Amino acid sequence: MSLNLTDVTLTYPDGDSRLTALDHVSLDVPKGTLTAVIGPSGSGKSSLLAVAATLITPDSGTVTVDGTTTAGLTRAELTDLRRHKIGIVFQQPNLLPSLTAAEQLQVIAHLDGRSPTRARGRAMELLDAVGLAAQANRRPHQLSGGQRQRVNIARALMNDPTVLLVDEPTSALDHERGAAVIDLITRLTHQQATATVLVTHDRTLLTAVEQVAEVDDGRLRLPAPAR
């Protein structure tokens, strides 16, 4: 398993008591597969993604990323794990306005100390994979909303992560562009062999995922596979 959550519980302070965000949640996501996480607002979807991304440490339970259990790791070790093993696609692309599409990706490799030539080659490879090779030298204001989201996805794959976490990538897109983005994430999951978790509110887009996990009041339920 590339991503494994076992009996994870997460609580937050709530006045004199604590609010349970995740209640004994377990989830296995094998590499090369896509798991969609659905549920109403406030159900625990974002908390689950944050725990899987090692951005929040749960009260109890274990998180294992590509064979590495995160319990006991230092902050620096967790940062290193995220940098090399986890790709995160945020809801909003948050692209740097002064950089071209290719440069958005290259700066990630630069932070990791990769050579500029190697970084440029990997950036162009990923932009081609998301259908944007011809727009490599365009800046964000020259791209459509769907194209900016594609750059966002490509950027998350720049360091060849084993785990890809995607937060509501279609929230600002119409249905047709949203469906295209989900199709892209599904294809890249298989091509790049990532263990992908996709948080989404749109059930109509979940025709090609291997697993659907529904979160409600912090509890996770796994219905029959979507296909």
With +1 on each Lys and Arg Cβ and -1 on each Asp and Glu Cβ, how big is the dipole of region 78-157 about its Cα centre, in debye rounded to the nearest 20? 40 debye
State to the nearest 20 debye the size of the charge dipole of region 140-207 about its Cα centre, where the only charges are +1 on K and R beta carbons and -1 on D and E beta carbons. 140 debye
Dipole axis of the chain (+1 Lys, Arg; -1 Asp, Glu on Cβ), positive-most option in Met124, Val181, Pro13: Met124
Quarter of Cα convex hull surface for region 27-116, i.e. mean projection, nm²: 8.0 nm²
Run the numbers on region 1-112 and let me know its relative contact order in percent, using alpha-carbon pairs under 8 Å that are six or more apart. 26 percent
From fewest to most C-beta neighbours within 10 Å, the residues Met158, Met124 line up as Met124, Met158
When Arg155, Arg187, Arg221 are ranked with the fewest other C-beta atoms within 10 Å first, the list becomes Arg221, Arg187, Arg155
Roughly how big is the chain's charge dipole about its Cα centre, with Cβ charges of +1 (Lys, Arg) and -1 (Asp, Glu), in debye to the nearest 20? 880 debye
Here the relative contact order (percent) of the chain, from C-alpha pairs under 8 Å and at least 6 apart, is 30 percent
Taking the Cα centre of region 127-177 as the origin and placing charges on Cβ (Lys, Arg +1; Asp, Glu -1), which of Thr162, Val151, Ala172 is farthest toward the positive end of the dipole? Val151
Calculate for the chain the 222 nm mean residue ellipticity that helices alone would give, adding -39,500 (n - 2.57) per DSSP H run of length 4 or more and normalising by residue count, nearest 500 deg cm²/dmol. -10000 deg cm²/dmol
If you average the C-alpha positions of region 144-166 and of region 171-227 separately, how far apart do those two centres end up, in angstrom? 15 Å
Where both partners of a DSSP beta bridge lie in the chain, what percent of those bridges are antiparallel, to the nearest 5? 50 percent
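Readers should treat all values here as calculations from the given coordinates under stated rules, not as data from a laboratory. A quick note: this is a predicted structure, and the numbers were derived from the prediction, not measured. Neighbour counts run over all protein chains shown; Cβ positions are idealised from the backbone, glycine included.
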